[in-house]
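> Take a look at this one; I'll ask things after.
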Amino acid sequence: MSALKRVQQWATFARIWHIYNAAWQNPFHSSELIKKYLMGMHKPIYHPMNDCGDHVIVINSADIALPGDEWKKRVYFHHTGYPGGATWTLAWNLHEKDPTMIIKKAVYNSMDGNLQRRYTMQRLHIFPDENVPKELLGNVSNEIRQLRPMPKRLDDYPEKDVKEFPKVIDYPKDYVLR
Amino acid sequence: MTTLFKIATNNYIKSVFNQAQRNISITSTLHLKKINEIQEGKDLVIYGEIVSSEREPYLLKSNHSKACPLCATGLDIKHTDVLILSQFVRKDGCMLPRRITGLCKTQQKRVTYLVAMAQKSGLMPNLTPAYSNKDPKKRYEWKKYNKYFDETTIPFKL
Ligand SMILES: [Zn+2]
């Protein structure tokens, strides 16, 4: 085997590390994307019996966004197994307790329940903020593109940009500014 | 004159009466005004001031004769376009009425929805009432978390 072929072989079967910024992203749409990288479905050599999945680091999981009023409508069910052991937790309550749990459950539920699922989940690293350990961040070689653009707050724009942005309407002639 | 006054009040034509009361002014009374409040020690000074509009040099020119200013631009506005939406609200984040915005009925309702969406997402925290704590992350319970909206849920379609 030539040196080039040898390196190609290593590169094909090496585990790659991806990073994904979850700020302002829908966790349930993102999980369908993250799942493909975790299972290695984006590779031409993919096969369910082929262990070719990659690592994914998810940052800013505390800043995920849900549509509309889903924070108080989505419910997580848990049963301890004892009589009367059922609990229903609202999404915002769960997020308050553990800001990584919603995205973790979303990725877990997006995959089929087979023996590989637990091992695939071990390759997912979720952090509530941007503080990722250096030894993990050193492995990262790819950033997964966000699904929706991050909105910019009005007070984050410089005052000059807000003032000089093209105006659609002007005040009437006799208007008292408020 | 007295007979005219009688006829006017009998027929509920108030405008005749009002116009008789109107003062004559040599200069134009129509100006953009601003009310300033300045606290000087114990005294609160409130005075009105005639100002020229800051928006005038940046106003979009429209070739349409009938379309409202927003329809004339032909834009599909999203709730994240805070630079446009902030033009339709007061300093406290309250939506301006239609007689001031000059929009058509559909656009006025749409913009009202979009402004509410932007406010709920916490994208215009500097345009809020004075009692607001200005930080969306300090809001109550579920309101402190990021949320986004789908513009197709607005019942007023263009
Ligand atoms: Zn219009």
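The values are calculated or read from the model by the stated rules, or taken from the named source; none is laboratory data. Keep in mind that this is a model prediction, so the values were computed, not measured. Every residue, glycine among them, receives a Cβ derived from its backbone with ideal geometry; neighbour counts consider all protein chains shown. In case anyone asks, the SASA skips ligands and DNA or RNA and just uses the protein heavy atoms, side chains included. Shrake-Rupley method; radii C 1.70, N 1.55, O 1.52, S 1.80 Å.
> For A:Lys5, list the lysines whose Cα falls under 25 Å from its own Cα; do not include residues on the same chain fewer than 8 positions away.
In chain and number order, the partners are A:Lys43.
> Give the cross-link partners of B:Lys157 among the lysines, using a straight C-alpha distance below 24 Å as the criterion and excluding same-chain residues fewer than 8 apart.
A:Lys167, B:Lys66, B:Lys78, B:Lys105, B:Lys109, B:Lys120, B:Lys147
> Another question about this same structure. Please give the Cα centre distance for region A:25-102 versus region B:111-131, rounded to the nearest Å.
29
> At a 1.4 Å probe radius, which order do B:Trp142, A:Trp17 fall into by accessible area, largest first? Mind dumping the intermediate values first?
On the way: B:Trp142 60, A:Trp17 35 Å².
Of B:Trp142, A:Trp17, the descending order of accessible area is B:Trp142, A:Trp17.
> Going through the cross-link list A:Lys160/B:Lys91; A:Lys72/B:Lys91; B:Lys34/B:Lys134; A:Lys72/A:Lys152; A:Lys36/A:Lys104, which pairs have a Cα-Cα distance over 20 Å in this structure? Numbers along the way, then the final one.
Numbers: A:Lys160/B:Lys91 17 Å; A:Lys72/B:Lys91 30 Å; B:Lys34/B:Lys134 24 Å; A:Lys72/A:Lys152 24 Å; A:Lys36/A:Lys104 15 Å.
Going by Cα-Cα distance, A:Lys72/B:Lys91; B:Lys34/B:Lys134; A:Lys72/A:Lys152 fall outside the 20 Å limit.
> Within straight cross-link reach of B:Lys143, meaning Cα distance under 14 Å, which aspartates and glutamates are found once same-chain residues fewer than 8 apart are removed?
A:Asp63, A:Asp69, A:Glu70, A:Glu96, B:Asp135
> Along the positive direction of the dipole of region B:19-158 (beta-carbon charges: Lys, Arg +1; Asp, Glu -1; about the Cα centre), which of B:Thr101, B:Pro125, B:Tyr148 reaches farthest?
The listed residue farthest towards the positive side: B:Tyr148.
> Rounded to the nearest 100 Å², what is the buried accessible area between A and B, both sides summed, probe 1.4 Å? Intermediate results must be reported in sequence, preceding the final value.
Working: alone 13180 and 13250 Å², together 22060 Å².
Counting protein atoms only, the buried area is about 4400 Å².
> Just checking the output field for B:76-84: average partner chain Cβ neighbours within 10 Å of each residue's Cβ?
Details: counts 0, 1, 2, 1, 7, 1, 9, 8, 4.
Going residue by residue through B:76-84 and averaging, the value is 4.
> If you don't mind, another one. Taking beta carbons within 10 Å but only from partner chains, what does the mean come to for residues B:33-40?
The shielding value for this peptide is 2.
> Ordering B:Asp76, A:Asp129 from largest to smallest accessible area (1.4 angstrom probe), what's the sequence?
On the way: B:Asp76 100, A:Asp129 65 Å².
Solvent-accessible surface, decreasing: B:Asp76, A:Asp129.
> Next up: Select from A:Pro83, A:Pro27, A:Pro133 the residue whose mean-square fluctuation is largest in a Gaussian network model of chain A (Cα-Cα springs shorter than 10 Å).
Between A:Pro83, A:Pro27, A:Pro133, it is A:Pro83 that shows the largest mean-square fluctuation.
> Which order do you get for A:Phe77, A:Phe28, B:Phe88 if you rank them by accessible area with a 1.4 Å probe, largest at the top?
Working: A:Phe77 120, A:Phe28 45, B:Phe88 0 Å².
Output order, biggest surface exposure first: A:Phe77, A:Phe28, B:Phe88.
> Compare each residue of region A:159-178 in its chain alone against the assembly with all protein chains, and report those whose accessible area goes down by 50 Å² or more; 1.4 Å probe, heavy atoms.
Those residues are A:Lys163, A:Phe165, A:Lys167, A:Val168, A:Ile169, A:Asp170, A:Tyr171, A:Lys173, A:Tyr175, A:Val176, A:Leu177, A:Arg178.
> Just to be sure I understand: with springs between alpha-carbon atoms less than 10 Å apart, which residue in A:Lys134, A:Lys163, A:Lys73 has the highest mean-square fluctuation in the Gaussian network model of chain A?
The residue that fluctuates most here is A:Lys163.
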